[in-house]
Amino acid sequence: MDYFLELLIGGLTRGSIYALIALGYTMVYGIIELINFAHGEIYMIGAFTALIIASVLTMAGMSGLSVLILASVVAVIYASAYGFTVEKIAYKPLRQAQRLSPLISAIGMSIFLQNYVLIAQTSDFLPFPSLLPELPFMDAYAQFMGSSELIIVATTAVMTIILTLFIKFTKMGKAMRATAQDRNMAMLLGVNVNRVISNTFIIGSALAAVGGILIASHIGRINFYIGFIAGIKAFTAAVLGGIGSIPGAVLGGLILGWTESFATGYVSSDYEDVFAFALLVLILIFRPAGLLGKSTVQKV
Amino acid sequence: MLELDDVKTFYGSIMALKGVSLKIGEGEIITLIGANGAGKSTALMSICGIVPPRSGKILFRGRDISGRDPHGIVSLGISQVPEGRRIFPQLTVMENLDMGAFLRNDKGEIKKDMEHCFELFPILAQRRHQPGGTLSGGEQQMLAISRALMARPRLLLLDEPSLGLAPIFVRLIFKIIEKINREDGTTIFLVEQNAHLALQVAHRGYVMENGRIVLEGSAQSLLNNEDVKRAYLGI
């Protein structure tokens, strides 16, 4: 039972990170129907920025929570700027093009960003300081759940709630939903669609950066390639839950996290990807639109 | 108020508007009639900047608006009730109306205008928390008109408001269009295939064929015109 709980918590932690990244995929897809393959790289860049800032601050003699907060704020802003710029450079000029063109552009952007970080930071795994604080009251539960795991799960929950409220109640949130449903009509009502799209990229990138900092701090090392793997997994999570759906992204992330965790725990860690992608194949066979996705009839 | 001067609009290499010129005066109801594919909807899309014209001028209150972004054009006071209504299906009736007032920030007045829409169309008040996609065609048309009014437009563009509606809804909608013009002084540009209906409410009209204006005149003279009678009124 203890082992089961441990796997459950492990899966929840992993799934939370997938969910944070999957939200960016699903929001962007919802609005411009593009799979933003460079999204994983934004997460990686967020983690690297946090590492650099944290190192500088530590050298300057700072420590504790202030390092985490400052590094996170800078990393989130920096990653958002990357997300914003990627959209302007790689996707906006292709908005009227066929759907394949921006997709290829996205893959190109992903390769470019990976290699750019590879050149700047080498291909070695760099140690990442454990920025997340130790919570004393978690000592009693240390067997199943560490402080950093609790922080990851709680942060994801809070972020998801804030995002949901933002989309439901704010003017920009409504404009985002309207643009996703009918872009031309939103324009006819005075919505600056370019700004809505930019904001979507900024929000998605910020969430990915938070995920990057959390997981890097939890695992303790990063390299240029982490974004690619996490990106593929989070994309899987988004498709699993129904791409375009925000609760779907969270649900997909958690299911994927648990699948991997239990597969590793009860079968073998060699099989975690097999189970994750087998699950995806099954869902796509039986529910092609994903768990919470709506299957739409193509209008002619 | 609105003036199109030799407007030419293309879809790719296909010329949809072949030099359209027309004038809409302040407070008028002007109708543009013509068959399917004549270019009526394209004219509206060109005015709104969704499909900007390749040449020619579109003047709104003396300013050239051709080539501006749609949201810039809308902010000058032009609202559209598009063909097929284009209600946001997953937004509630109230959220759809909120979107109509997207460019406004006067919360109290927005609320008042929303109540005004509910007075015009009481059925919408009952459905205010329902997703737009669950409304009937007639109700969606009422919502589309209300949504456009929420922007407090100077010029209201309506694209085939009668299309696909039961006769009882059509009569109601046209009554409301006249009322909006009479009571709020809103200028109305009405694009219709149902020429008979459109010419009954309009002051003046234009007839469009193959991307060109082929006839213009007062609504009465068009109703009595032999060509119009034969081609559009079926008499």
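The values are calculated or read from the model by the stated rules, or taken from the named source; none is laboratory data. All figures in this text were calculated on a predicted structure; none of them were measured in a lab. Note: ideal-geometry Cβ built from the backbone for every residue, glycine included; neighbour counts use all protein chains shown. Just so you know, the surface numbers come from the protein's heavy atoms only, side chains and all, with ligands and any DNA or RNA stripped out. Shrake-Rupley method; radii C 1.70, N 1.55, O 1.52, S 1.80 Å.
Please give the net charge around residue B:175, taking every other residue with its beta carbon less than 13 angstrom from that of residue B:175, where Lys and Arg add +1 and Asp and Glu add -1. Spelling it out: positives minus negatives among the neighbours equals +1. Helix A:147-169 axis versus longest C-alpha principal axis of chain A: approximately 20°, rounded to the nearest ten. The solvent-accessible area of residue B:55, taken with every protein chain present and a 1.4 Å probe, is close to 50 Å². Averaged over the residues of peptide B:63-74, the number of Cβ atoms from other protein chains lying within 10 Å of each residue's Cβ is 3.
Running Debye on the range A:2-286 with equal point scatterers at the Cα sites and no solvent, what base-10 log of I(q)/I(0) appears at q = 0.08, 0.11, 0.15, 0.16 Å⁻¹? Those come out to -0.33, -0.63, -1.16, -1.30, one per q.
Inter-label distance, residue B:229 to residue A:274: 8.4 nm, where each label sits 7 Å from its Cα along the C-beta direction. Could you tell me which residue out of A:115, A:90, A:132 lies farthest along the dipole of the range A:62-175 toward its positive end? Charges go on the beta carbon: Lys and Arg +1, Asp and Glu -1, centred on the Cα centre. So the residue we want is A:90. Shielding of peptide B:147-153 by partners, expressed as the average count of other chain Cβ atoms within 10 Å per residue Cβ, is 1.
Take B:162-168, A:35-41, A:51-57 and order them by the average number of nearby Cβ atoms within 10 Å per residue, most first; the result is A:35-41, A:51-57, B:162-168. The magnitude of the dipole of the protein assembly as shown, with charges of +1 and -1 set on the Cβ of Lys/Arg and Asp/Glu and taken from the Cα centre, is near 1440 debye. Within the listed set B:214, B:93, B:170, the residue fluctuating most in the Gaussian network model of chain B (springs between alpha-carbon atoms under 10 angstrom) is B:214.
Expressed as a whole percent, the accessible area of chain A that falls on carbon and sulfur atoms is 69 (1.4 Å probe).
Among A:75, A:234, A:276, the largest mean-square fluctuation in a Gaussian network model of chain A (Cα springs under 10 Å) belongs to A:276. Put simply, when B:201-208, A:195-202, B:61-68 are sorted by average Cβ atoms within 10 angstrom per residue, most first, you get B:201-208, A:195-202, B:61-68. Between the listed residues A:292, A:66, B:232, the Cα displaced farthest toward the positive end of the dipole of the protein assembly as shown, a dipole computed from Cβ unit charges relative to the Cα centre, is found at B:232. For the range A:79-133, chymotrypsin sites (Phe, Trp or Tyr not before Pro) are listed when DSSP marks them as loop and at most 14 other Cβ atoms sit within 10 Å of their Cβ; the list is A:125. Can you give me the angle between helix A:39-59 and the longest principal axis of chain A, using Cα atoms only, in degrees from 0 to 90, rounded to the nearest 10? Here the helix axis deviates by roughly 40 degrees. Put simply, chains B and A cover up around 2000 Å² of each other's accessible surface, both sides summed, when a 1.4 Å probe is used.
Couplings for the range A:230-239, taken from phi via the Karplus curve 6.51 cos²θ - 1.76 cosθ + 1.60 with θ = phi - 60°, read 4, x, 4, 5, 5, 4, 4, 4, 5, 5 Hz in order; Gly and Pro are left as x. Within the listed set B:109, B:160, B:95, the Gaussian network model of chain B (springs between alpha-carbon atoms below 10 Å) gives the highest mean-square fluctuation for B:109. Helix A:100-121 and the longest principal axis of the Cα set of chain A meet at an angle near 30°. When the surface is traced with a 1.4 Å probe over the full set of protein chains, residue A:170 keeps roughly 50 Å² accessible. What the protein assembly as shown shows is 45 Å² of accessible area per residue, with the surface traced by a 1.4 Å probe over protein heavy atoms.
How would the protein assembly as shown be classified by its alpha-carbon gyration tensor: rounded, prolate or oblate, with rounded meaning a/c under 1.5 and the a/b versus b/c comparison settling the rest? Prolate, because a/c is 1.5 or more and a/b exceeds b/c.
With all protein chains in place and ligands, DNA and RNA left out, the 1.4 Å accessible area ranks B:221, A:148, A:130, B:46 as A:130, B:221, A:148, B:46, largest first. Nearest 0.05, what FRET efficiency do residue B:69 and residue A:144 give at R0 = 45 Å with Cβ-Cβ as r? Approximately 0.25, to the nearest 0.05.
As a rough guide to protection, the peptides B:71-83, A:280-292 ranked by mean Cβ packing within 10 Å, highest first, stand as B:71-83, A:280-292.
Which of the pairs A:88/A:174; A:171/B:112; A:174/B:8; A:88/B:112; A:92/B:8 have their Cα atoms more than 30 Å apart in this structure? Checking Cα-Cα distances, A:174/B:8; A:88/B:112 exceed 30 Å.
Inter-chain neighbour count for A:177-184: the average number of beta-carbon atoms from partner chains within 10 Å of each residue's beta-carbon is 5. What you get for the range A:2-286, charging only the Cβ of Lys and Arg (+1) and of Asp and Glu (-1), is a dipole of about 1360 debye around the Cα centre.
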